[in-house]
Amino acid sequence: MLTETALTAGQLAEGFVELGVRPGAVLQVQASLRSLGPVVGGATGVVDALLDTLGSAGTLVAYTANPENSATSRLHRTATAGLSPAEVAVYLDGIPPYDPATTPCSPTMGALSEAIRTRPGALRSSHPQTSWAALGRLAREITAHHPLSSHLGPETPLGRLYDLDAKVLMLGAPMAKFTAFHLADLRMPDVPMQEFWCRGPEGSLTFKAPFLDDLHFADLGAQVLAAATGVTAARIGTADCLLVPVREAVDLADRFLRRARA
């Protein structure tokens, strides 16, 4: 569906239905709004269309992480490159405490994730670095439990998406950014542990958790798309979009990762 003018919520909803989004579904969305083209109402208009398509029984989910709230992330290393230890300490002191209700998600998450987080009624998980926000019937079930020592493991909102057989709408976003692949990574027997630092609600926190990276996701995504049977594709606005079942994608990624290690 390609238009020369701004897409309306109704036109977006038609595209979502064509792609396979159904009322009552649990749907995570990862979006590049720039690739989608102009939309009436911007990110808010996209959220309106998604909620209309899912209906009152559906649940809309977004990753609302804050990788800047870390002493080990690539964003932190870039921001502190060339600084002295004293300057790094000042930089860390300037990171505000994480508050699930008020802390904006990272700009790297995109405008749509922030629009979902700030929507009236949205709930957000408690992890200062890898939080999730959700709207709808199962929002509390998805966001209620998020242990500090498990960023994106089976005990987290991402794990609940796998359990609930959710789907992910890749709205112009590439599979190189498919967050659920972390679940497959964490099934591997050789995942190293790492010490993390963040600013929590009460101050500085340090904890150990599995090391995470996504530099291999582009190759993994290509393999998964070549083998998956439940993925659907459509063009919405100017964006190439995919609807990807979490469970199938993670299980296939698990298989490919183990094969590579063998």
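Only one of these is in a loop (DSSP other than H, G, I, E, B) and polar (S, T, N, Q): THR53, THR72. Name it.
THR72
Could you check how many residues of segment 228-262 are of a type in the set (Gly, Ala, Ser), surrounded by 14 or more Cβ atoms within 10 Å (Cβ to Cβ) and in a helix (DSSP H, G or I)?
Residues that pass the stated criteria total 2.
In this structure, is LEU83 open to solvent by 20 Å² or more (accessible area, probe 1.4 Å), part of a helix (DSSP H, G or I) and out of contact with any Cys (no Cβ under 7 Å at 6 or more places or on another chain)? Step through it out loud before you land on a result.
Numbers: open to solvent by 20 Å² or more (accessible area, probe 1.4 Å): yes; part of a helix (DSSP H, G or I): no; out of contact with any Cys (no Cβ under 7 Å at 6 or more places or on another chain): yes.
The answer is no for LEU83.
Of all residues being over 22 Å from VAL21 (Cβ atoms) and in contact (Cβ under 8 Å) with a residue 12 or more places away in the chain in segment 148-158, which is most open to solvent (accessible area, probe 1.4 Å)? Just the residue, please. Write out each step before concluding.
Pass one, segment 148-158, residues over 22 Å from VAL21 (Cβ atoms): 148-156.
Cutting the leftovers down to in contact (Cβ under 8 Å) with a residue 12 or more places away in the chain gives us 148-154, 156.
Working: LEU148: 57, SER149: 65, SER150: 13, HIS151: 10, LEU152: 4, GLY153: 1, PRO154: 88, THR156: 0 Å².
Ranking the candidates gives PRO154 first.
Within segment 165-190, work out how many residues are among the aliphatic types (A, V, I, L, M) and either closer than 30 Å to VAL39 by Cα or at pLDDT below 95 (or both). Lay out the reasoning, then the answer.
Restricting attention to segment 165-190, the residues satisfying the condition of being among the aliphatic types (A, V, I, L, M) are 166, 168-171, 173, 175-176, 180, 183-184, 186, 188.
Applying the additional criterion that residues be either closer than 30 Å to VAL39 by Cα or at pLDDT below 95 (or both) yields 166, 168-171, 173, 175-176, 180.
Of the residues in segment 165-190, 9 are among the aliphatic types (A, V, I, L, M) and either closer than 30 Å to VAL39 by Cα or at pLDDT below 95 (or both).
Any chance you could count how many residues in segment 179-227 are in contact with a strand residue (DSSP E or B) (Cβ under 9 Å, 6 or more places away or on another chain), outside any strand (DSSP E or B) and among the polar types (S, T, N, Q)?
Within segment 179-227, residues that are in contact with a strand residue (DSSP E or B) (Cβ under 9 Å, 6 or more places away or on another chain), outside any strand (DSSP E or B) and among the polar types (S, T, N, Q) number 1.
Only one of GLU18, GLU68, GLU4 is open to solvent by 30 Å² or more (accessible area, probe 1.4 Å), in contact with a His (Cβ under 7 Å, 6 or more places away or on another chain) and either more than 17 Å from GLY136 (Cβ to Cβ) or at pLDDT below 95 (or both); which? Full working, then the answer.
Values: GLU18 fails: in contact with a His (Cβ under 7 Å, 6 or more places away or on another chain); GLU4 fails: in contact with a His (Cβ under 7 Å, 6 or more places away or on another chain).
From the options GLU18, GLU68, GLU4, the qualifying one is GLU68.
Out of the residues in segment 42-65 that are more than 15 Å from the chain's Cα centre (by Cα) and hydroxyl-bearing (Ser, Thr, Tyr), which is surrounded by the fewest Cβ atoms within 10 Å (Cβ to Cβ)?
SER56
Quick one: in segment 17-41, of everything that is outside any loop (DSSP other than H, G, I, E, B), over 18 Å from TYR162 (Cβ atoms) and not acidic (Asp, Glu), which residue is nearest to the chain's Cα centre (by Cα)? Please lay out each step first, then the result.
Here is the first cut: in segment 17-41, the residues outside any loop (DSSP other than H, G, I, E, B) are 17-19, 26-31, 33-36, 39.
If we keep only those that are over 18 Å from TYR162 (Cβ atoms) as well, we get 17-19, 31, 33-36, 39.
Narrowing the set further to residues that are not acidic (Asp, Glu) leaves 17, 19, 31, 33-36, 39.
Numbers: VAL17: 21, LEU19: 19, ALA31: 9, LEU33: 14, ARG34: 17, SER35: 17, LEU36: 18, VAL39: 21 Å.
Of everything passing the filter in segment 17-41, ALA31 is nearest to the chain's Cα centre (by Cα).
Tally up the residues in segment 107-141 that are of a type in the set (A, V, I, L, M) and part of a strand (DSSP E or B), please.
Residues flagged as of a type in the set (A, V, I, L, M) and part of a strand (DSSP E or B) within segment 107-141 amount to 4.
Could you give every pair whose Cβ atoms fall below 6 Å, whose first residue belongs to segment 169-193 and is under 18 Å from ASP251 (Cα atoms), and whose second residue is at pLDDT below 95, counting only separations of at least 6 or pairs across chains?
Close Cβ pairs satisfying both conditions: HIS182/LEU212.
Out of everything in segment 94-114 that is β-branched (Val, Ile, Thr) and open to solvent by less than 50 Å² (accessible area, probe 1.4 Å), what residue ends up being nearest to the chain's Cα centre (by Cα)? Walk me through how you get there before you give the answer.
Residues of segment 94-114 β-branched (Val, Ile, Thr): 95, 102-103, 108.
Imposing the further condition that a residue be open to solvent by less than 50 Å² (accessible area, probe 1.4 Å) reduces the set to 95, 103.
Values: ILE95: 22, THR103: 16 Å.
Across segment 94-114, the extreme among qualifying residues is THR103.
If a residue has to be of a type in the set (Asp, Glu) and either within 22 Å of MET175 (Cα to Cα) or in contact with a Ser or Thr (Cβ under 9 Å, 6 or more places away or on another chain) (or both) to count, how many in segment 26-70 make the cut? Steps first, answer last, please.
First, the residues of segment 26-70 that are of a type in the set (Asp, Glu): 48, 52, 68.
Those left that are additionally either within 22 Å of MET175 (Cα to Cα) or in contact with a Ser or Thr (Cβ under 9 Å, 6 or more places away or on another chain) (or both): 68.
Of the residues in segment 26-70, 1 are of a type in the set (Asp, Glu) and either within 22 Å of MET175 (Cα to Cα) or in contact with a Ser or Thr (Cβ under 9 Å, 6 or more places away or on another chain) (or both).
Identify all residues within segment 196-218 that are touching a residue at least 60 places away in the same chain (Cβ under 8 Å), closer than 15 Å to ALA71 by Cβ and charged (D, E, K, R); write none if there are none.
Hit for segment 196-218 is ARG199, nothing else.
The values are calculated or read from the model by the stated rules, or taken from the named source; none is laboratory data. Note that the structure is predicted; figures quoted are calculated from it, not measured. Counting neighbours? That spans all protein chains shown, and the Cβs are built from the backbone with ideal geometry, glycine included. For the accessible areas, the whole protein counts, side chains as well, though only heavy atoms, and no ligand, DNA or RNA atoms are used. Shrake-Rupley method; radii C 1.70, N 1.55, O 1.52, S 1.80 Å.
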